[in-house]
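Here is the structure we will look at, set down as structure tokens.
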Amino acid sequence: MGSLKGMAIEGLCHLLIEELPAPLLVHDERDFVYANQAARVLLRARSAEEIVGKPVLDFIDPGTHDAARERMRLAHRNGVHFPQVDNRVIACDGTALHATMRGYPLDFGTTRLVGVLVTDWFEI
């Protein structure tokens, strides 16, 4: 009975994250491993495959790659949280966006991923 309850809660959590109206992405310091529906809409992706498995830097303005690399390194290796970061983002269709994001480490046993919650954005 307990495992069924756990499975139901896990499914509910997945649904909640997927349907969250704020864009949420997860990366492993190099590539995106997850993008919820709102992130796919923001980045104008037709499917998750246009984002998941792709390098994070493919979606960041090249002029800010060094700063983005350093933030990713600090979050991934040192567990640093970033309460607010403004960055220029490139959508799948090439549209430039200004995005305000929060970054935070997500630890799963010995694996650390980094969650990115986009809190505000506009086209530039």
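Would region 65-80 turn up any residue that is touching a Pro at 6+ places or on another chain (Cβ under 8 Å) and of a type in the set (A, V, I, L, M)?
yes
Testing E10 on (1) modelled with pLDDT of 90 or more; (2) acidic (D, E); (3) more than 19 Å from F122 (Cβ to Cβ), one condition comes back false. Which one is that?
(1)
Filter region 7-47 down to the residues that are touching a residue at least 40 places away in the same chain (Cβ under 8 Å), in a loop (DSSP other than H, G, I, E, B) and not basic (K, R), then identify the one that is nearest to H98 (Cα to Cα).
L43
Considering each residue of region 81-101, count those that are surrounded by 14 or more Cβ atoms within 10 Å (Cβ to Cβ) and either assigned to a loop (DSSP other than H, G, I, E, B) or of a type in the set (S, T, Y) (or both), and give that number. Steps first, please.
Taking region 81-101 first, the residues surrounded by 14 or more Cβ atoms within 10 Å (Cβ to Cβ) are 82, 85, 87-92, 97-101.
Adding the requirement that they be either assigned to a loop (DSSP other than H, G, I, E, B) or of a type in the set (S, T, Y) (or both) leaves 91-92, 100.
Of the residues in that region, 3 qualify.
List the number of the failed condition for L57; all other conditions in (1) modelled with pLDDT under 95; (2) surrounded by 14 or more Cβ atoms within 10 Å (Cβ to Cβ); (3) assigned to a helix (DSSP H, G or I) hold.
Result: L57 passes all but (1).
In region 102-122, what residues are at negative phi and in a loop (DSSP other than H, G, I, E, B)? Before you say what the answer is, go through the steps one by one.
Initially, region 102-122 is screened for residues at negative phi, giving 102-108, 110-122.
If the condition is that a residue be at negative phi and in a loop (DSSP other than H, G, I, E, B), then T110 is the only one that fits.
Mind counting the residues in region 65-87 that are touching a residue at least 24 places away in the same chain (Cβ under 8 Å) and under 19 Å from T119 (Cα atoms)?
Here the count works out to 7.
Would you be able to say whether some residue in region 14-31 is loosely packed, with under 11 Cβ neighbours inside 10 Å, more than 14 Å from the chain's Cα centre (by Cα) and among the hydrophobic types (A, V, I, L, M, F, W, C)?
yes
The values are calculated or read from the model by the stated rules, or taken from the named source; none is laboratory data. Given the structure is predicted, the values throughout are model-derived calculations rather than measurements. Positions of Cβ are backbone-derived with ideal geometry, glycine not excepted, and every protein chain shown enters the neighbour counts.
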